[in-house]
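Everything below concerns the one structure shown next.
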Amino acid sequence: MGPRSAVRPPRTIPNRDRVTMGRDCSVGRHSLLHAHRQYAGVPLDGRISLGDNVYIGGFAQLNAMHHLQIGDGCVLSEFVYISDSAHGLDPHAGLIMEQPLESKGPVTIGRNVFIGYGCVVLHGVSLGDHCVVGARSVVTRSFPAYSMIAGSPARLVKTYDHASGQWVAAEA
């Protein structure tokens, strides 16, 4: 944990040695940061990395079986859920909680990204620098830098126009 960083209690951080945090980070109360070592008997190498000046609101849940990386200056509102994995759902493989986790890959959140209240970001997603994610969105695919996205599943609604300094509606 970097200087002037804090994770407010109560909190749950299994495998703390697999979670790194830059300077001036704040993680809200009742948050879960779970970098998995194993699940359903399968060894894993989960890692969670927070850059500098990251704010994560209360009741957030971050789960990693691979790597979940959050860039410098990001803001994650309350009740945000980000995971680089999902439960196995094979109806012939027994209990869901005993099936190995599945993944489409790590999650990478660029620098200065804002993720609104109650959002879900799923495995394999990459969000470029300065993305904005509207409240309650479910992000199932990647978006480039300077994208404003919203909905379930999230879709592009605006892009930032550097020439005008304005967010411009995306073409349908």
Alpha-carbon centroid distance for the pair segment 73-120 / segment 17-34, whole angstrom | 16 Å
Just the Kirkwood number for the chain, please: inverse of mean 1/r across all distinct Cα pairs, in Å, one decimal.
-> 16.4 Å
Say we join alpha carbon atoms closer than 10 Å with springs in a Gaussian network model of the chain; which of Asn15, Asn53, Asn63 then has the biggest fluctuation?
-> Asn15
Whole-Hz couplings from phi, Karplus 6.51/-1.76/1.60, listed for segment 17-25; x for Gly and Pro = 5, 9, 10, 10, 9, x, 7, 6, 9
Sorted by chain and then number, the residues having a modelled amide H within less than 5 Å of the amide H of Ile56, at least 5 places away or on another chain, are Ser26, Val27, Gly28, Leu76
Taking K and R as +1 and D and E as -1, what net charge do the other residues with C-beta under 10 Å from the C-beta of Asp129 add up to?
-> 0
Of Val19, Val54, how do they rank once you tally other Cβ atoms within 10 Å and put the fewest first?
-> Val19, Val54
Comparing Ala135, Ala93, Ala60 in a Gaussian network model of the chain (Cα, 10 Å), the one with the largest mean-square fluctuation is Ala93
So what are the ³J(HN,Hα) numbers for segment 146-151, from phi and the Karplus equation (6.51, -1.76, 1.60; θ = phi - 60°), rounded to whole Hz, Gly and Pro as x?
-> 6, 9, 10, 10, 7, x
Packing-wise, with mean Cβ within 10 Å as the measure, how do 115-127, 34-46 rank, highest first?
-> 115-127, 34-46
Using a Gaussian network model of the chain whose springs link C-alpha atoms within less than 10 Å, name the residue from His66, His92, His162 with the highest mean-square fluctuation.
-> His92
What residues qualify as long-range amide H neighbours of Ser126, i.e. H under 5 Å apart, gap of 5 or more or another chain, H built at 1.01 Å from N?
-> Thr108, Ser142, Phe143
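FYI, it's all coordinate maths here, none of it is from the lab. Please read all numbers here as calculations on a predicted model, not as lab measurements. Here Cβ is always computed from backbone atoms with ideal geometry, including for glycine, and neighbour counts include all displayed protein chains.
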